[in-house]
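Heads up, the thing below is written out as structure tokens.
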Amino acid sequence: MRIFGTDGIREVVGQGWLAPDKLPAIGWALGAWLARRRAAPGGALSLLLASDGRASAPEIKSSLLRGLARWRAEVTDVGLCPTPVGAFLTRHRKLDAG
């Protein structure tokens, strides 16, 4: 099943994959996937977290972070950020994901 579009999950907030009970599971699954594909195993995962200006952003971030917590992820939250800038920062800082 494909849940991601070209720039993320495309759903109505609070429904489907963006329901409050699903977002922590997505965070956990992201952590599991990143941990498996890392070239150098061990240590904390490093992620960049950014958002757009929608009112739902803080709730979505918080739910994803609950799922990522299992993986001891070191998360840098840059707040409101255009997608291309987030992608640049993720590569420039050599993070596991953004």
Helix-only [θ] at 222 nm, the chain, -39500 (n - 2.57) per DSSP H run of 4+, per residue, nearest 500, equals -12000 deg cm²/dmol
Sorting THR83, LEU34, GLY8 by the position of each Cα along the dipole of the chain (Lys, Arg +1; Asp, Glu -1; all at Cβ), the one nearest the positive end of that ordering is LEU34
Heavy-atom accessible area per residue of the chain, all protein chains kept, 1.4 Å probe, expressed in Å², is 67
With N residues in the range 49-92, Rg(alpha-carbon) / (2.2 N^0.38 Å) equals 1.19
With N residues in the chain, Rg(alpha-carbon) / (2.2 N^0.38 Å) equals 1.05
Share of accessible surface on carbon and sulfur in the chain, whole %, 1.4 Å probe and ligands ignored, is 58
Summed over the other residues with a beta carbon less than 15 angstrom from that of ALA35, with K and R at +1 and D and E at -1, the charge totals +3
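The values are calculated or read from the model by the stated rules, or taken from the named source; none is laboratory data. Since the model is a prediction, treat every value here as computed from it, not as a measurement. Neighbour counts are summed over all protein chains in view; Cβ atoms, including those assigned to glycine, are modelled from backbone coordinates with ideal geometry. These accessible areas exclude ligands, DNA and RNA; they are computed on the full protein's heavy atoms, side chains included. Shrake-Rupley method; radii C 1.70, N 1.55, O 1.52, S 1.80 Å.
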